[in-house]
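The values are calculated or read from the model by the stated rules, or taken from the named source; none is laboratory data. Treat the numbers as computed from the prediction; the structure is a model and nothing was measured. Cβ: placed from backbone, ideal geometry, glycine included. Neighbour counts: every protein chain shown.
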Amino acid sequence: MKVKIGLVDDHAITRRGIRTLLEINKQFQVIVEASNGKELLSQLESGSLPDVIILDLSMPKMSGFDVIREIHTLYPSVKIFIFSLYQSEDVILNAIYQGACGYLPKSADPSILESAIKSVVDFGFYIPINIKKKYSDLIKMRNQKGFQGKQLLTEKEIQFIKLACTNLTYKEISIKLSVQPKTLENYRDSVFQKLGINNRAALTFYAIENGIVQLF
């Protein structure tokens, strides 16, 4: 039985290249193709589900992180494989934390893509060795008392970052998130500590660079 694939990338030439590469191998069949997350979700509502969705993180209308969370919630049986230009460890680890099952940079040898997707289908996971070690080390460190290094961002912290990159005041952000101002201060302090920054401008640069918010 063929592995059913969904392709989500805002560049048509990238989608065509991936489709051509995969469909040369008779094990794969692309059944869904979308240029952004909203288009993907619309197609999934009315069509059959793919086994694996190959997803870019930087797209218009809906960020890759939002897509991961939506798919993970609505279609938990569908595996999400990140294929992106982003190579920041923080970005990759957060994608995994949100529910992605695999990652490969677009700079990788094309021949690796097939085996990586097959690994996701057969074993449920594929991560390059260097990222896998970092992920393992990070989980160990997070379980150690007193760890002060970078940690994975929680969903609430990601929501805070997105709103902090707008012109909303902290009071307005607390209303948006339905939390008390003091709780929001805790989110802010936690994020600043984890990322090693101390102001909203630096946070905005970090969010753009790491695909949490989009310049659209």
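A compact table of results
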| read-out | value |
| --- | --- |
| Scope region 186-207; condition surrounded by fewer than 16 Cβ atoms within 10 Å (Cβ to Cβ), touching a residue at least 24 places away in the same chain (Cβ under 8 Å) and under 20 Å from Ile92 (Cβ atoms); matching residues | Gly196 |
| Residue list for region 31-58, restricted to those being outside any loop (DSSP other than H, G, I, E, B) and within 19 Å of Gly124 (Cα to Cα) | Val52, Ile53, Ile54, Leu55 |
| Residue satisfying all of: in region 59-106; outside any helix (DSSP H, G or I) and among the basic types (Lys, Arg); farthest from Ser35 (Cα to Cα) among these | Lys79 |
| Residue in region 150-177 that is modelled with the lowest pLDDT, counting only those that are more than 18 Å from Asn198 (Cα to Cα) and of a type in the set (Asp, Glu) | Glu155 |
| Conditions (1) assigned to a helix (DSSP H, G or I); (2) under 20 Å from Val121 (Cβ atoms); (3) under 19 Å from the mean Cα position of the chain (by Cα); (4) of a type outside the set (A, V, I, L, M, F, W, C); number of the one not met by Arg19 | (3) |
| Qualifying residue in region 49-72 (condition: polar (S, T, N, Q) and loosely packed, with under 15 Cβ neighbours inside 10 Å) | no |
| Filtered residues of region 1-10 (kept if out of contact with any Gly (no Cβ under 8 Å at 6 or more places or on another chain) and either outside any loop (DSSP other than H, G, I, E, B) or in contact (Cβ under 8 Å) with a residue 12 or more places away in the chain (or both)) | Lys2, Val3, Lys4, Ile5, Gly6, Leu7, Asp9, Asp10 |
| Members of region 194-216 found to be closer than 28 Å to Asp56 by Cα and of a type in the set (S, T, N, Q), listed by number | Thr204, Asn210, Gln214 |
| Close pairs from region 161-185: first assigned by TED's automatic domain parsing to the domain that holds Phe205, partner basic (Lys, Arg) and in a helix (DSSP H, G or I), Cβ under 8 Å, at least 6 apart | Leu163/Lys176; Ala164/Arg188; Ala164/Arg200; Cys165/Arg200; Leu168/Lys176; Tyr170/Arg188; Leu177/Lys156; Pro181/Lys171 |
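Matching residues to (1) of a type in the set (S, T, N, Q); (2) at pLDDT below 90; (3) farther than 27 Å from Leu85 by Cα; (4) more than 21 Å from the chain's Cα centre (by Cα):
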residue	(1), (2), (3), (4)
Val179	no, no, yes, yes
Lys182	no, yes, yes, yes
Leu195	no, yes, no, no
Ala201	no, yes, no, yes
Glu209	no, yes, no, no
